[in-house]
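The values are calculated or read from the model by the stated rules, or taken from the named source; none is laboratory data. Source: prediction; values computed, not measured. Neighbour counts run over all protein chains shown; Cβ positions are idealised from the backbone, glycine included. Note: areas computed on protein heavy atoms with side chains; ligands, DNA, RNA excluded. Shrake-Rupley method; radii C 1.70, N 1.55, O 1.52, S 1.80 Å.
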Amino acid sequence: INDLAVSDPYPSVIDVSDLVGDVESVRVELNNLAHGYPDDIDLVLVAPDGTKVMLMSDAGGSTPVTNVVLTFAQTGGNPVSDLGPLATATVRPANYDISNDPFAGGPTAPYETDLGKFAGKTAKGQWKLYAVDDTRQDAGSIGSWALYISTKPRIEGLANQSIKEDEQFAAP
């Protein structure tokens, strides 16, 4: 994550091709996150259909971090900390300063902070992680990132229809 610039690569892409069904939940894991001033980091995940969720922006405070494993999940206990310090944990996304999210050539505002926005979308395609350092003097890195997607089967022809539970198992 370059100082006052976009990351390299920008965006980082994971191509999902083998999943069947619609997204039920999404979890993102950042491995070996390091930064001299984590509050500078802005991260947005963009789904193949263009749905975008801000994982963190202006979060983490001023305490430098190294080797942190940060997992973003809708079931995470608390939102990623505003004032920090960041530590290895499972958290929910948060955007603490919506006026300073400079994704040059990347996704534009508004940004959601709810990973549930990916539910019901197709999992197949390119998932993009955009990372930016939004203030001068500090840089950082993400050793790697992982995307965990749970899917549910798509039942064709049943869109906008409801099935009563007692009718599902009725004998002919």
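Below are the figures for this structure:
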item	result
³J(HN,Hα) computed for each position of the range 123-128 - Karplus, 6.51 cos²θ - 1.76 cosθ + 1.60, integer Hz, glycine/proline x	8, 6, x, 8, 9, 10
Most to least accessible of LYS117, LYS52 (protein chains only, probe 1.4 Å)	LYS117, LYS52
Distance histogram in 10 Å bins (all Cα pairs of the range 75-116, percent per bin)	24, 46, 29, 1
Sequence-separation-based contact order of the chain, relative, with Cα cut under 8 Å and 6+ spacing, percent	39 percent
Dipole-positive endmost among GLY76, ASN95, GLY60 within the range 58-158 (Cβ charges, Cα centre)	GLY76
Amide N proximity, the range 56-87 versus ASN32 label position 7 Å along Cα-to-Cβ, cut-off under 16 Å	65-70
Correct option for Kirkwood radius over Cα pairs in Å [calculated from the coordinates] among (1) 17.0; (2) 22.9; (3) 23.8	(1)
Largest to smallest accessible area among ARG136, ARG27 [probe 1.4 Å]	ARG136, ARG27
Rounded accessible area per residue of the chain, 1.4 Å, Å²	53 Å²
Fraction of accessible area attributable to carbon and sulfur, the chain (%, probe 1.4 Å)	48 percent
Summed residue charge, Cβ within 12 Å of SER141's Cβ, Lys/Arg positive, Asp/Glu negative	-4
Within the range 73-103, backbone nitrogen closer than 15 Å to the virtual label 7 Å beyond the Cα of ALA119 toward Cβ	73-76
